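This is the structure, below, for whatever I ask next.
No value in this document is a laboratory result; all are computed from the given coordinates. None of these values were measured; they are calculated from a predicted model. Note that we place each Cβ from the backbone using ideal geometry, even for glycine, and neighbour counts take in every protein chain shown.
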Amino acid sequence: MGRITYVNDAFVETSGFTRDELIGQEHNIVRHPDMPAAAYEDLWKTLKQLRPWQGMVKNRCKNGDHYWVEANAMPLFKDGKVYEYLSVRHPPKRDLIPATEQLYKKLSADEVKLNPTGLASITKAISEIAIAKKNAFVVAAFLGPIFLLMYRLFLTQEYVLLAGVALVAMVASALSINMIRVITDTLETAITICYRLSSGSFGNKVNLKREDQLGDFLRGLYCMEVKLGVDLADFKQGLAESKRITQALDNVQSPVMVANKNFEIIYMNDSVQRMFKTAESDIRNQLPGFSVDKLMGSNVDQYHPTVKGGILEKSQEPLRTQLIIGGRHMSIIASPVNSDGERIGYVTEWQDRTHEVLIEQEIDHLVQGVKAGDLSARIKLTDKEGFTKTLSAGINELTDVIESVFSDVNRVMENMAEGDLTTAITNEYQGVYAECKNNINGTLAKLSNFIIQIRDAADFIDSSSQEMASGNNNLSHRAEQQAASLEETAASMEELASTVKNNAQNTVQATEVVNSASQLAQKGGGVVKLAIAAMQEINESSNKIAEIIGVIDEIAFQTNLLALNASVEAARAGEQGRGFSVVATEVRNLAQRSANAAQQSNELIQNSVQKVRAGTAFVNETGIALTEIVESVAKVGDIVAHIASASSEQSAGIEQVNQAVSQMDDITQQNAALAEQAAAGSIAMSEQSTHMTQLLSFFRVNSKNGSAAARPVALSNRVPVAPVRAPTKKAVAPAALPASKSKIDSSDEWEEF
């Protein structure tokens, strides 16, 4: 019987039990085996009599140890009824413990009784009789002898003495009864006040005007009531403040928990209860006995490992730590609470970061995937809101852009690896992605153009090699024809010998004619030089005359200006200057006529000068022509001299030509062999160009990217296939003679080779 409903921190600390282990259990959970049953029977018997009980009690600890207390148990009243029992325990005096242990041993052995028996019980019963009854017995005992005395006085008829004794007896009885009544009333008042105080009722009426010991007693009781009232008011004020703090904490969104100095939970706001209620099933995976309903009063060391290590006990600053329970990530800020320099508890702020950590893990998983090249992962948005949803959506969009970019690049590169250069990136991008897209598309376009140009060049090389092969075949045939022409050349050499003799005779005659022509030309040149000198003198005289006429023209102009000024001055002078004005007018007319004449003379002279200049030019041209004739005649003489010397050299030249013909026959044979080798090389080049064309056909390009100018440029640089005309030695051939023209024309094939 008697279940525990409340224990304070001191009791929990002393007993070693947790609050959860004590609340709801029977009172004998802390009963030590050495405690006799009679002691507990006396306890409950006394309490049921609505009386407080006091005694020494030996309690057991959870670890098997024990401790002694002085227990003070009493009933608690509410509306005049007992609703609970309160037991307040204090440390006992050590010298009382041995005697109490001996007493309890004897009680357990039934050697003594806790309550007195026999005469002691009678004495105890008499001592516990009510004061009023005791007073009635004393009055009766006092009045017995008085009544006997009064009876004797009545028998002796001593009425005066009888009246005095009766008066004294009545006064004494009245005083005794009144004193007992006052004492009992005062005690009843004190008892009532004490019980009312124990139930929290203050403001009791007390007679403070008595001057005796009862008045002192009532005044002391009143002072105690006032002091208790003040203390209770302070307590209620502190309690109200605590309630306001509790209400504020209850309405705080942050989960808050308060523990005492033994790390036992004494308060949890609604937020922390909701948080643990949400995480209850997950926490039970690690702590099967976890229950939110049992958190109050439990010790936090089962959830927080830093408590066991004493870190929080030694810390004077808030402790921040992370805790994982049942897969739930908890962020904890534990702050010590001090009062008057003594640590009385801890305030802990909890935060369930599980959702936040999951988001961090999702983001980290996505980032690691992107770093590893996996762009398929995305962050789920269904279970997110606010900033985390916006952040997750932004990361997903970023991943989409990166995936799109790399997908386009991979597609283009894959097609390039397969030879397809027609695929380009068409999606729209911004910033560096747009630059990457433009660079890749530009590379594709340039590569396509490059492939087309190489393909055109390969086609051109193929056609050119075929043309070269055809040209080499033609060259081989020409070499054979050239060998036949050499035989005809030998026959022509005989005709060349007779031509040399005719040249020698003609050279002598030409030399005489040239000498006479040279003399005549030199005389004509001297005459022309004299004519040129005369024309130059005429030209100089004409220029001087023109200068003189210019001076006359300037004088006429100045005279005209002076006459004009004179007319102006005459006009100012009036009648006196009229004659002078007439003279000035005549002078101006003469000056005007002189200017006109000078102008006409100047025009005539200018015409003469122009004609002289034209004649001078003709004479100069004539002189130049004669000079050229002289030079030509001199050159003809030189040519004739050269022809004369050449005629003597032609005989030796003919011999050299015969030797050259034999050498050319050998060279012709070598040329035929080289032509065959060149034809074989052209065929091999054609095969290589065909193979190159086959390799280039692997690439597929857009026709619009091709360079239409590639083939025309190549064709414009083609080397002619026809044989090139070889330079000939002009000194050996006869110069400007009709007799030898047919022979020279017959050797065109040789010169072409």
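Expressed as a whole number of Å, what is the distance separating the alpha-carbon centroids of the stretch 371-388 and the stretch 45-116?
Taking the Cα centre of each part, the stretch 45-116 and the stretch 371-388 sit 68 Å apart.
Ok, one more. Counting Lys and Arg as +1 and Asp and Glu as -1, each charge on the Cβ, what is the dipole of the stretch 417-481 about the Cα centre in debye, to the nearest 20?
140 debye
Quick check: Cα centre of the stretch 622-636 to Cα centre of the stretch 239-280, how many Å?
133 Å
For the stretch 579-629, just say rounded, prolate or oblate: build the C-alpha gyration tensor, square-root its eigenvalues into a ≥ b ≥ c, call rounded for a/c under 1.5, and beyond that prolate if a/b exceeds b/c, oblate if not.
Here the stretch 579-629 falls in the prolate category.
Which aspartates and glutamates have a Cα less than 18 Å from the Cα of residue 611, not counting those fewer than 8 places away in the same chain?
Cross-link targets: 537, 540, 547, 603, 621.
Write out the GluC sites (Glu not before Pro) in the stretch 558-643 meeting two conditions: DSSP loop, and at most 15 other Cβ atoms within 10 Å of their Cβ.
Counting only loop positions with at most 15 other Cβ atoms within 10 Å, the GluC sites (Glu not before Pro) in the stretch 558-643 are 575.
Which semi-axis lengths, in whole Å and largest first, follow from the square roots of five times the eigenvalues of the Cα gyration tensor of the stretch 549-608?
Calculated on Cα positions only, the semi-axes equal 30, 9, 5 Å.
Right, here's the next one. Can you tell me the relative contact order of the stretch 198-275? Whole percent, Cα pairs under 8 Å, sequence separation 6 or more.
18 percent
If packing is taken as the average count of other Cβ atoms within 10 Å, what order do 345-351, 634-640, 105-111 fall into, highest mean first?
345-351, 634-640, 105-111
May I ask you to list the trypsin sites (Lys or Arg not before Pro) in the stretch 204-304 that are in a DSSP loop and have at most 12 other Cβ atoms within 10 Å of their Cβ?
The qualifying sites are 205, 209.
Output ³J(HN,Hα) for the stretch 318-329: one whole-Hz value per residue in order, computed from phi by the Karplus curve 6.51 cos²θ - 1.76 cosθ + 1.60 with θ = phi - 60°, and x for Gly and Pro.
x, 9, 10, 8, 10, 9, 10, 10, x, x, 8, 9
Net charge around residue 242, counting only other residues with Cβ within less than 14 Å of its Cβ (Lys, Arg = +1; Asp, Glu = -1)?
0
Quote the FRET efficiency, to the nearest 0.05, computed for residue 242 versus residue 81 with a Förster distance R0 of 30 Å and r equal to the Cβ-Cβ distance.
0.55
Then there's this: Per 0.36 nm of contour for each residue apart, how much would the distance between residue 111 and residue 147 grow if the chain were fully extended, relative to their Cα-Cα spacing?
Taking residue 111 through residue 147 to full extension adds about 8.0 nm, to one decimal.
Taking a ≥ b ≥ c as the square roots of the eigenvalues of the Cα gyration tensor of the stretch 354-400, is the shape rounded (a/c under 1.5), prolate (a/b larger than b/c) or oblate?
oblate
Would you please name the GluC sites (Glu not before Pro) within the stretch 354-438 that are DSSP coil residues with at most 14 other C-beta atoms within 10 Å of their C-beta?
Within the stretch 354-438, the qualifying GluC sites (Glu not before Pro) (loop, at most 14 other Cβ atoms within 10 Å) are 385, 418, 428.
Now a separate question. Please tell me which of these pairs span more than 28 angstrom C-alpha to C-alpha: 48/227; 93/294; 78/205; 78/243?
Where the Cα-Cα span goes over 28 Å, the pairs concerned are 48/227; 93/294.
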